[in-house]
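Nothing in this text is a laboratory measurement; each read-out follows from the coordinates by a stated rule. Being a predicted model, the structure only gives us computed values, none of them experimental. Virtual Cβ from ideal backbone geometry, glycine too; neighbours counted across all protein chains shown.
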Amino acid sequence: MTSEKMRLLPRPGKSRLTRRGHSIFDIQRSARRRLPRAIFDYLEGGAEQERTLRANLVRYAGCRFQPRVLSGAGVPDLQTTVFGQRLPIPLALAPTGYTRLIHPDGEAGAARAAGRLGVPYTAATMATTSLEEVAAATPGPLWFQLYVSKEWRVTEALVARAQRAGCRALLVSVDTQVAGQRLRDQRNGLTIPPAPSPASLLGIALHPRYWRGLVTGPELTFANFEGASGPAAGGIAEITRSFEPGLSWEHLRRLRQTWTGPLLVKGPLRPSDVARAVAEGCDGVYLSNHGGRQLDRSPHPLDLLVAARQQVGGNVPLLVDSGIRTGADAVVALALGADVCLVGRPYLYGLAAGGEEGVALLIRMLRDEMERTMQLLGVSGTAELRARGAELVVLEGGAGSAMAGC
């Protein structure tokens, strides 16, 4: 067994979570038990009628494998290269806002777990831990997700800080001109930070450990904006009013002139927009419907992936998230043309259930599921998976079917 493999295996007997957490769904149930309802609904919920949220899961569930038998492939090599850096697995942690709302370890704990395993962590604009603190916490690759502010000087300051912090890539979100209507949060009266209410008082009684961690830790703020104009506290809709509502290609051009490293655009992009993003100077594209949290009825990334790859060829990195819950899901996306898969909710389940160690357990779990799935498919690693993807995966409903499975 290689040292890399040993490093990624779970540590038996480490905790009750390790002993009982055999799948992502076990960890999800543990997270549900540990979090007050309003906080779990924030983690779990989507926009409007949550059609996209449900379709994200159904789309992966509807894919079918066609394995190669007697291939002699052996143990697959999961390594991949993106932005000039070799990664042990084609996986990264997606940007998530308000992460200390889920667990006191927050962004720093998740970044440490990812860094220990060589997995990129994506710091978020709306983090509750500053970019500099996150950078200091992780020994691994660090990326930064950017919301463009109405005030360009605020955007420029964030970009400059990301460069000084050593972020290797800038991921620009283009689907938040206005907040999605997240009805669960509205019904629960969720604010950032949480405000006292009869519901929260009941939550304190039912989840004292959670509230003790929240009130004894540092104040819950938007840490990247302390001492500068930025989003105010309140509901999600009020907070996102500081974002640029008229985001355009011109903003992307200005960012290309400002940022010296790899630049990606993140959102539910049409194939023609994918091609234009590359023509405008982007070094890659991040296909995402925001996990179903913005525009309901958005297309699924799998339905854009094949066409996007045809538009940009084999040398432009394509990143994918939204609905990936298992290593098998990630294998599907990689076979259809993705270079790296990002997970958001799954690692937050791990964080809620076990803090930093819960995130590390989740990453190891996904890694083992990916390896096992590739071995059963009969491929030698990620390179062969991509090369033979069309014969290994059946995408039911057909690529380009924007709302298949909805």
Gain on full stretching of the segment that runs from R256 to L376 - 0.36 nm per residue minus C-alpha separation: 39.0 nm
Full-stretch length increase - N315, E132 - with 0.36 nm per residue and alpha-carbon distance subtracted: 62.7 nm
Value of D in µm² per second that Stokes-Einstein yields for the range 3-394, Kirkwood Rh from Cα pairs, at 25 °C (0.890 mPa s): 116
HN-Hα J in Hz across the range 93-102 - Karplus 6.51, -1.76, 1.60, θ = phi - 60°, x for Gly and Pro: 8, 6, x, 9, x, 6, 5, 5, 5, 8
Percent of beta bridges antiparallel (DSSP, the chain, rounded to nearest 5): 20
Two-site FRET efficiency, R270 against W152, from Cβ-Cβ distance with R₀ of 30 Å, rounded to 0.05: 0.70
3J(HN,Hα) from dihedral phi, the range 107-118, Karplus parametrisation 6.51/-1.76/1.60, rounded to Hz, x for glycine, proline: 4, 5, x, 5, 5, 4, 4, 4, x, 4, 9, x
Long-range amide H partners of T122 with built H, under 5 Å: L93, W143
Q85 long-range amide H proximity, modeled H, under 5 Å: none
Sequence-distant residues sharing a close amide H with G284 (under 5 Å, placed H): L263, V265
Centroid-to-centroid separation of the range 134-196 and the range 46-66 [C-alpha atoms, Å]: 25
Two-site label geometry, S23 and S248: point separation in nm, points 7 Å out along Cα→Cβ: 5.0
Using θ = phi - 60° and Karplus 6.51 cos²θ - 1.76 cosθ + 1.60, couplings along the range 169-183 (whole Hz; Gly, Pro as x): 8, 10, 10, 9, 6, 10, 10, 10, 4, 8, 5, x, 7, 9, 5
